[in-house]
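Colleague: Quick one: this structure, given as structure tokens, is what I'll be asking you about.
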Amino acid sequence: MDQVSFEQIYEQLFPAVYRFACIRIPSSEIEDITAEIMAKIWRSISGFEGRSSLRCWALRIAANYIADFYRSRKQVDVICLAEDLQNLSGSRDYGEDLATGLSVSCTLAQLTEPQVAVIQLRLVEGFSSTETASIMGTTQQAVDSLLYRAKKSFRTIYTAEAAGGEC
């Protein structure tokens, strides 16, 4: 890769890496983990061969780092964004937006990590099935199947919560 500065890499990749980590890492550790991932990306940049987009390559590094993070802890924390969303209220009345955000957050917390990853990468970040497969270290067919099951599970859980169930 041509000579690029850390600042250029940081500006280009940090938003995607941060969003990717936010759903997977406890809020008390997001900043530290994201900084460590960005440092790892910077140290590895000379090995980037351009076989995928830089963002796809960086998120693969992030996915591996987060997997190692949880393997070393031997436990997985379920992350519910409820507290973070409640703290955003400020002076604006979020009302229905907050309720929807809390419901979506709680629904995501009930899905498996691969299901959350495929929803985020395909539907939020807009990666193709091929790019998502590369990031997740699987096949395009597995990604398509996982996305189908994730959407079905999400719909089932979300509908049950909307009908009066609890998170």
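All of the numbers you see were taken from the coordinates with simple rules; none came from a lab. Please read these numbers as outputs of a predicted model, since none were measured by experiment. As a convention, Cβ positions derive from the backbone with ideal geometry for all residues, glycine included, and neighbour counts pool all protein chains shown.
Colleague: As an exercise, use a Förster radius of 35 Å and the Cβ-Cβ distance of Val104 and Thr139 to find the FRET efficiency, rounded to the nearest 0.05. If you can, show how the numbers build up before the last one.
Modeller: Working: r = 28 Å, r/R0 = 0.80.
Here the calculated transfer efficiency is 0.80.
Colleague: Put a dot 7 Å past each Cα toward the Cβ at Ala163 and Arg149; how far apart are the dots in nm?
Modeller: Those two pseudo-labels are separated by 2.3 nm.
Colleague: Continuing with this model, one more query. For the residues Asp32, Asp144, what sequence is obtained by ranking on other C-beta atoms within 10 Å, fewest first?
Modeller: Details: Asp32 10, Asp144 15.
Ranking Asp32, Asp144 by Cβ neighbours within 10 Å, fewest first, gives Asp32, Asp144.
Colleague: Right, another one. With r as the distance between the Cβ atoms of Val124 and Ala39 and R0 = 22 Å, compute the FRET efficiency 1/(1 + (r/R0)^6) and round to 0.05.
Modeller: Numbers: r = 25 Å, r/R0 = 1.11.
Approximately 0.35, to the nearest 0.05.
Colleague: Going 7 Å from the Cα of Arg60 along its beta-carbon direction, which residues of the stretch 123-147 have the amide nitrogen within less than 11 Å of the resulting point?
Modeller: Answer for this model: 131-138.
Colleague: Once fully extended, how much extra length lies between Ala67 and Glu29, figured as 0.36 nm per residue of separation less the alpha-carbon to alpha-carbon distance?
Modeller: Details: separation 38, 0.36 × 38 = 13.68 nm, distance 1.45 nm.
Taking Ala67 through Glu29 to full extension adds about 12.2 nm, to one decimal.
Colleague: Counting other beta carbons within 10 Å of each residue's own, what order do Arg51, Arg149 fall into, fewest first?
Modeller: Details: Arg51 8, Arg149 15.
In order of increasing Cβ crowding within 10 Å: Arg51, Arg149.
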